[in-house]
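A.B. asks: This structure is in C-alpha cells; I'll ask about it shortly.
Here, each number is a calculation from the coordinates, and none is a lab measurement. On a predicted model such as this, the values are computed, not experimentally measured, just so you know. Quick reminder, even Gly has a Cβ in these numbers, built from the backbone with ideal geometry, and neighbours come from all protein chains shown.
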Amino acid sequence: MTASAWGLLALFLAALGVLAWPVGKFLAALCNERVPRWMQRVEAPLYKLAGTSPERSMNWRTYALALLAFNLLGAVAVYALQRLQGVLPLNPAGMGAVSADSAFNTAVSFVSNTNWQGYAGESTMSYLTQMLGLTVQNFFSAATGIAVAFALVRGFARRGNGGGGGKGLVGNFWADITRVTLWVLLPLSFVLAIFFVGQGVIQNFDAYKDVATVETTAFQQPKNGADGQPLKDEKGAPVMEDATTKTQTLAMGPVASQEAIKMVGTNGGGFFNANSAHPYENPTALANLLQMIAIFLIPAALCFAFGHVVGDMRQGWAVLAAMTIMFVVAVIVITPAEQAGNPLFGALGVDQVSSALQSGGNMEGKEVRFGIDASALFAAITTAASCGAVNAMHDSLTPLGGMVPMVLMQLGEVVFGGVGSGLYGMLIFAMLAVFIAGLMIGRTPEYLGKKIEVREMKLISIAILVTPILVLAGTAVAVIAGAGKAGIANPGAHGFSEILYALTSAANNNGSAFAGLSANTPFYNGLLALAMWLGRFAMIVPVLAIAGSLAAKKRLPVTGGTLPTHGPLFVSLLIGTVLLVGLLNYVPALALGPIVEHLVLWK
C-alpha cells in the first residue's frame, strides 16, 4: 500500500470512530426504550393509527410475524408502483410500466435491504417510483435490520424468568421501527442530503435536459446526401456545412434525498445506473469520503450501543475490534492488487499512467476523480457493509481485487455489515465461538451470562447455513441451466466469478455486481429474488427465536471458569470462527473463479 492509501484509511477510521460514539449512545437509549416525553408526543399519533402501544412488549413469534407482514406489504407496494408508474404523476421522462419479472425482483431487492438493480434507474424508474417506492423502502428495510439487532441485544440484557424456550419478551416491533426511522435515519439522511446538495448532487423535479457538449465538428466539412455521397453545387464544387455542436440528454431528478439514505441505511440502490461513480451522485472527493463514512456509521455505532445496553463496554469494543481487523486486512489485500495492475499490459507496451491521481495500476472501470486508493477502499467498505453502492465497476477489478469484495460478502456480511444485520450476524458467530471454546474446556458455553444450549445451537446453525446453501445451490443451477449460461459475457473463470458474485451478493443482501453478467432476465430476476428474500428473512426469524430464548433465561454470575469475551484471546477466537465457518464453504468455488483467473493472469 502506498502512503496515500494508508493515510486515507487512517483518516476514514479516525473520523468513523469520532462520529460513531455519540450515535451509539443514542441508539442504546432507543434500545433501552428510554425516550424523552417530547419524542413520545410526536410518536403517539402513529401508534394510535397502528392500533398499538410501545409499552406492549412482544414475544419473538409476534415480533417476527409483525416484521414479516410489514415487509411483505412493502414488497407489494413497490411492485404495484413499478407496474403502474406509466399512468401515475411525477414521470417527466414518460417511463412505461416495468416488466413483471424485473418489478418483482426490484420489490424483493429493496424490501430485503439488498438493492440489487438489474436495470438502469434513469431510463426505467419514474421520479414517483424512485421516491415513494425505492427511497421509502431504503428507510424501512434499514429500520427493520436495526430493530432485529435491538431484539437480540435485549435478549442478552434482560434478566429473564428462567423459562427459556423462546418465552421471553424482546420489545415492540412497531415502536422499534418507528423510533429508528424518526429519530435516527431521517435526521441523519436530512443532514447528509443537504451536504450532498452543497457538493453538487442534484435534487430537483426537472425534465431531462438536452445540453450542448464540448464535442463539435470544429470546421466546415463537405455535406453528404442521402446516398452518403458528397453533395455538389451547380458549378461542381462541394457543398460545405458549418460546424455543429453535439448534444447529450442528461437525466435529472431528486437524487440527493435518495443518495443520503442509500448510504446511511447501507442500501446501495443508485438513482443512476453508474451509481456512486456518477458525478450527479458522487461529485467530489469530499462527498466520496462522507459516503464511505456514512456506510459504516450505524454498523459501528451499534457495537457501542451493544456495549452500553449489556452494561459492559468491553463487549462492544471486542466486537468492533474483530470487525476492524478483518476490514483492514481486506483493504491491505485489495489496494495493492489494484495498484499492481494487469501484467498483460506490460507485454503490450501500454503505458498505464493516465493521470496525476494514478502512478500505474489498474484504472479500468475507475473514476479518475477518485483513483485507485479511494476506489479500492470504497469497494471494501461497500461489500463489508452490505451496502452495494459502487464508485468503480467491480467487474473490472483484478482477479484478487475482485475476490476481496466477494469474500467479504461470503463471510456473512458481518465485517461491520448492514445496519443491524452486521451486529446480529457477528453476535451469532460470537455465540458459536463460545460454544467451540466450551467444547475445548468441557464447560457449558455462556455468553454474557446466558447459557448457549441445544435450542440456540440449532437456530445458530440454521442462521449460518442459510446463505451458503443459497449461494452455492443457486450458482450450480445457474451454470447448468441454459438461461443462466446465456447471461455470461465472459466465458471461463471470470464468467463463473460473475455468477458466483451475483448469487453471493443476492443471498447476503449486498446488491453490488460483477456487471458483465446480463442478469435482467426472467431466469435471473426470479432466482436472485428468491435468494434475496430467503437470505434476509430465513436468517432474521432464527435470530429472533434466539433473542426470545435468551430473554427468558436468567443471567448467570461470572465465575473463575467463565470464558472472558472481551480480550485479545476472544477477539482472535471470534475472527477465527468467522473465517473458518463463514468462508470455508466457499473455498472450492473461489478456486474455480478468481483464484484460477489470477493464476492464469500471472502465470
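A.B. asks: Among the chymotrypsin sites (Phe, Trp or Tyr not before Pro) within the range 552-603, which fall in a DSSP loop and have no more than 14 other Cβ atoms within 10 Å of their own Cβ?
C.D. replies: Details: sites: F570, Y586, W602; in loops: W602.
Loop-located and lightly packed - W602.
A.B. asks: Please express the Cα-Cα pair-distance distribution P(r) of the range 12-160 as a list of whole percents, one per 5 Å bin, running from 0 to the bin with the greatest distance.
C.D. replies: 2, 8, 14, 16, 15, 14, 12, 11, 7, 2, 0, 0
A.B. asks: Let me ask another. Over the range 419-601, what is the relative contact order in percent, taking alpha-carbon pairs closer than 8 angstrom and at least six residues apart?
C.D. replies: On the way: 176 pairs, mean separation 53.0, N = 183.
Relative contact order of the range 419-601: 29 percent.
A.B. asks: While we're looking at this one, here's another question. Out of residues 5 or more away from K232 or on other chains, whose amide H comes under 5 Å of its own, with H placed 1.01 Å from N in the peptide plane?
C.D. replies: V239
A.B. asks: What lysines does K246 reach when the alpha-carbon gap must be under 26 Å and sequence neighbours fewer than 8 apart in one chain are set aside?
C.D. replies: Excluding near neighbours in sequence, the set is K209, K223, K232, K366.
A.B. asks: Please list, by residue number, every one of the trypsin sites (Lys or Arg not before Pro) in the range 399-479 that is coil in DSSP and has at most 16 other beta-carbon atoms within 10 Å. It would help to have the intermediate numbers written out before the result.
C.D. replies: Details: sites: R443, K450, K451, R455, K458; in loops: R443.
Loop-located and lightly packed - R443.
A.B. asks: Mean residue ellipticity at 222 nm from the helices of the chain, using -39,500 (n - 2.57) per DSSP H segment of n ≥ 4 over the full residue count, to the nearest 500 deg cm²/dmol?
C.D. replies: Numbers: 22 runs with 341 residues, N = 603.
Per the formula, -18500 deg cm²/dmol.
A.B. asks: Still on this structure, please answer the following. Which is the longest part of the chain that has none of the GluC sites (Glu not before Pro) sitting in a DSSP loop with at most 12 other Cβ atoms within 10 Å?
C.D. replies: With a cap of 12 other Cβ atoms within 10 Å, the longest stretch comes to 235-603.
A.B. asks: Dipole of the chain (Lys/Arg Cβ +1, Asp/Glu Cβ -1, origin at the Cα centre): which of G7, A64, A77 lies farthest to the positive side?
C.D. replies: The one lying farthest along the dipole's positive direction is A64.
A.B. asks: Then there's this: Treating the beta-carbon of each Lys and Arg as +1 and of each Asp and Glu as -1, no other charges, what is the dipole magnitude of the range 171-315 about its Cα centre, to the nearest 20 debye? Don't skip to the answer; put the middle values down first.
C.D. replies: Details: 8 positive and 12 negative charges, 84 e Å.
With Lys and Arg at +1 and Asp and Glu at -1, about 400 debye.
A.B. asks: Work through the residues other than E597 whose Cβ is under 14 Å from its Cβ and net out their charges, Lys, Arg +1 and Asp, Glu -1.
C.D. replies: Numbers: positive: K603; negative: D395, E498.
Once all neighbours under 14 Å are counted, the net charge is -1.
A.B. asks: How much net charge surrounds N391 when only the other residues with a Cβ under 15 Å from the Cβ of N391 are counted, with Lys and Arg +1 and Asp and Glu -1?
C.D. replies: Details: positive: K262, K366, R369; negative: E259, E281, E338, E364, E367, D373, D395.
With Lys, Arg at +1 and Asp, Glu at -1, the neighbours total -4.
A.B. asks: Cα-Cα pairs above 41 Å in the chain: how many percent? Show your work: numbers first, answer last.
C.D. replies: Numbers: 46491 of 181503 pairs.
Value for the chain (Cα pairs over 41 Å): 26 percent.
A.B. asks: Considering only Cα-Cα distances, which of the following residue pairs are longer than 31 Å: K458/K485; K25/K451; K25/K262; K25/K553; K25/K48; K48/K451? Intermediate results must be reported in sequence, preceding the final value.
C.D. replies: Working: K458/K485 36 Å; K25/K451 27 Å; K25/K262 23 Å; K25/K553 26 Å; K25/K48 28 Å; K48/K451 38 Å.
The answer is K458/K485; K48/K451.
A.B. asks: Here's a follow-up. Dipole of the chain (Lys/Arg Cβ +1, Asp/Glu Cβ -1, origin at the Cα centre): which of Y280, F537, T52 lies farthest to the positive side?
C.D. replies: Positive-end residue among those listed: T52.
A.B. asks: Let me ask something else about it. If you put +1 on each Lys and Arg Cβ and -1 on each Asp and Glu Cβ, how big is the dipole of the chain around its Cα centre, in Debye rounded to 20?
C.D. replies: Working: 33 positive and 29 negative charges, 586 e Å.
That gives the chain a dipole magnitude of about 2820 debye.
A.B. asks: Roughly how big is the range 419-601's charge dipole about its Cα centre, with Cβ charges of +1 (Lys, Arg) and -1 (Asp, Glu), in debye to the nearest 20? Working shown, then result.
C.D. replies: Values: 10 positive and 5 negative charges, 144 e Å.
Taking the Cα centre of the range 419-601 as origin, the dipole is about 680 debye.
A.B. asks: Here's a follow-up. List the trypsin sites (Lys or Arg not before Pro) within the range 1-95 that DSSP assigns to loop and that have no more than 13 neighbouring Cβ atoms inside 10 Å. Don't skip to the answer; put the middle values down first.
C.D. replies: On the way: sites: K25, R34, R37, R41, K48, R56, R61, R83; in loops: R34, R56.
Within the range 1-95, the qualifying trypsin sites (Lys or Arg not before Pro) (loop, at most 13 other Cβ atoms within 10 Å) are R34, R56.
A.B. asks: Give me the three principal axis extents of the range 500-584 from the C-alpha atoms, as integers in angstrom, largest value leading.
C.D. replies: Largest to smallest, the principal-axis extents are 59, 30, 17 Å.
A.B. asks: So for the range 419-601, Kirkwood radius off the Cα pairs, Stokes-Einstein at 37 °C and 0.692 mPa s: how many µm² s⁻¹?
C.D. replies: On the way: Rh = 18.2 Å.
Rounded, D is 181 µm²/s.
A.B. asks: Let me ask you something else. Please list, ordered by chain and number, the residues whose modelled amide H lies under 5 Å from the amide H of L250; skip anything fewer than 5 residues away on the same chain.
C.D. replies: K209, D210, V211
A.B. asks: Of G548, L574, T521, whose Cα points farthest to the positive end of the dipole of the range 419-601 (charges on the beta-carbon: +1 Lys, Arg; -1 Asp, Glu; origin at the Cα centre)?
C.D. replies: G548
A.B. asks: Could you tally the net charge around N115, taking each other residue with its Cβ under 12 Å from the Cβ of N115, Lys/Arg +1 and Asp/Glu -1?
C.D. replies: Numbers: positive: K262, R536; negative: none.
Local net charge: +2.
A.B. asks: Could I ask something else about it? Can you give me the relative contact order of the chain as a percent, contacts being Cα pairs under 8 Å and 6 or more apart? Write out the running numbers ahead of the final one.
C.D. replies: Values: 1121 pairs, mean separation 126.6, N = 603.
Relative contact order comes out at 21 percent.
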